[in-house]
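Student: First the structure, which I've put down as structure tokens, then a few questions once you've had a look.
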Amino acid sequence: MIKKYLTFLLFVFLCGCSASAWAVGQNATPQPGSPVADKPEKGSKLSTPVAIVGEGSDSLGAKLVMRLKERFNQSNLFNLSGEVEKDAPMLMLMISTQPEFKDRPAVGSVYSICWVFKQGKGYLPFLLRHAGGIVNAEDLEGLVDKLYERTDGVASRYAHLWK
């Protein structure tokens, strides 16, 4: 008699657990017709704070820095900040350019780029990666894409630093 009673109580308990799990599952599914975001908003927690600092006197180098800023500004992966003195952790791209030939500045530009982690105001920046090379007007867009992809790799590798 006790065995039947315990079996009955176990059966009722298991039915109650499965019914409550089913109710929780029904509340977790989105209702049809409700809007769903297709991409994260700009400045969300998923984006990496980044600042681009350029120095140089050549026009091709200035174009490189400007195109990089435009590319990062259009992206949802990065939150471009113009404030380098901001007291928050961020990834900084420090770009230095100069003409390849002083007599012919329009031929090409020599660039050096450093990916730097900056903890905040009053902290010494920390070098993460660096690269350098020569770019001409025809290769500028390709270089912008390459540097953007490399920055995404650096940002994903060191994401724990600015979270």
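Where a number appears in this text, it was derived from the coordinates with a stated rule and is not lab data. Since the structure is predicted, the reported quantities are computational estimates derived from the model, not experimental observations. Glycine gets a Cβ as well: all are built from the backbone with ideal geometry, and neighbour counts include every protein chain shown.
Student: With the cut-off at 21 Å, tell me which of the pairs Lys63/Lys146; Lys69/Lys118; Lys63/Lys121; Lys69/Lys146; Lys121/Lys146 have Cα atoms farther apart than that.
Tutor: Lys63/Lys121; Lys121/Lys146
Student: Mind checking the full-extension length gain between Ser57 and Ala88? Use 0.36 nm per residue of separation minus the Cα-Cα distance, one decimal, nm.
Tutor: Full extension of this stretch gives 8.2 nm more.
Student: Given H placed 1.01 Å from N in the peptide plane, which residues other than close sequence neighbours of Gln98 have an amide H under 5 Å from its amide H?
Tutor: HN-HN under 5 Å from Gln98: Val110.
Student: Taking the Cα centre of region 48-163 as the origin, how large is its charge dipole in debye, to the nearest 20, when only Lys and Arg (+1) and Asp and Glu (-1) carry charge on their Cβ atoms?
Tutor: The dipole of region 48-163 has a size of about 380 debye.
Student: Now for a different question. Counting other beta carbons within 10 Å of each residue's own, what order do Asp103, Asp58, Asp145 fall into, fewest first?
Tutor: Details: Asp103 6, Asp58 19, Asp145 12.
Ordered by Cβ neighbours within 10 Å, fewest first: Asp103, Asp145, Asp58.
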